[in-house]
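Data block below; observations after.
The values are calculated or read from the model by the stated rules, or taken from the named source; none is laboratory data. Please read these numbers as outputs of a predicted model, since none were measured by experiment. Ideal geometry is used to build each Cβ from the backbone, glycine not excepted, and the neighbour counts take in all protein chains shown.
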Amino acid sequence: MRLVDLNEQPDLLREAAAELLVESFRGLAPRAWPDLPAAREEVGQALAPDKIARAALNAEGTLLGWIGGIPQYGGKVWELHPLVVAPAHQRRGIGRALVADLEARAAARGGLTLWAGSDDETGLTSLAGADLYPEVWRHIRDLRDLRGHPFRFYEKCGFVVAGLMPDANGLGKPDIYLAKRITQ
Ligand SMILES: CC(C)(COP(=O)(O)OP(=O)(O)OC[C@H]1O[C@@H](n2cnc3c(N)ncnc32)[C@H](O)[C@@H]1OP(=O)(O)O)[C@@H](O)C(=O)NCCC(=O)NCCS
């Protein structure tokens, strides 16, 4: 596997990046990229010069996954968005490698914090269907994975749950905010 700038790849690979978003988020967050036009727009935005977009390719040049980074707070904070690994290649360390690569690049540009939002739209965690008010922190403390929600992946990469956005995707469907210090 090698990691490359998505910006420097041919159109075919960028199209594959859009297809991967639609395919991989279908069961997880159906509202995220419901179709190819929406996913193509996301890829286009990720390629803006102030952002970071990195792709994992295999020896044949096939796209295995990709990650985006968006500068915020004058570049001190970077949002990890999006992150996707092809279903057939998950659980082989590709996601972790993409995150580590983005961390290093965001830190080199002055980033102190990397964060990601990870929705629970499909009842994968203890937050599903719960009224998170008024003591939101209690739900963070007691957060449990029920059916393979990616927040566990982020924890394995050193992130902590830094907040919740109640009802972000409808009543009882929150967004989970994860953050990590990336200074070297
Ligand atoms: C989440 C995702 C990016 C992880 O990528 P990946 O290449 O499969 O992850 P890795 O193989 O690098 O995993 C790193 C560690 O996290 C663990 N992990 C990965 N996904 C996990 C999950 N859903 N639940 C629990 N643990 C998980 C791995 O087992 C591994 O643990 P280990 O170090 O103890 O062996 C990938 O599953 C994916 O693209 N999913 C669909 C889209 C998505 O959820 N994107 C992120 C949403 S915000």
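Say whether the condition of being under 18 Å from residue 79 (Cα atoms) and within 14 Å of the ligand (Cβ to nearest atom) is met by at least one residue in the stretch 130-150. Yes, the stretch 130-150 has at least one match. The sole residue among 100, 88, 18, 29 that is closer than 29 Å to residue 173 by Cα, small (Gly, Ala, Ser) and modelled with pLDDT under 95 is 29. Looking at the stretch 103-135, which of the residues that are among the hydroxyl-bearing types (Ser, Thr, Tyr) and at pLDDT 95 or above is nearest to the chain's Cα centre (by Cα)? Going through the qualifying residues, I end up with 118. Restricting the search to strands (runs of 3 or more DSSP E) fully inside the stretch 90-184 and requiring at least 2 residues that are among the hydroxyl-bearing types (Ser, Thr, Tyr) gives 113-119. Counting the residues of the stretch 80-125 that are in contact with a Pro (Cβ under 9 Å, 6 or more places away or on another chain), under 26 Å from residue 144 (Cβ atoms) and more than 9 Å from the ligand (Cβ to nearest atom) gives 4. Within the stretch 43-52, is even one residue over 16 Å from the mean Cα position of the chain (by Cα), surrounded by fewer than 13 Cβ atoms within 10 Å (Cβ to Cβ) and farther than 26 Å from residue 181 by Cα? Yes, the stretch 43-52 contains at least one residue that is over 16 Å from the mean Cα position of the chain (by Cα), surrounded by fewer than 13 Cβ atoms within 10 Å (Cβ to Cβ) and farther than 26 Å from residue 181 by Cα.
Of all residues in the stretch 63-89, those being assigned to a loop (DSSP other than H, G, I, E, B) and more than 17 Å from residue 32 (Cα to Cα) number 1.
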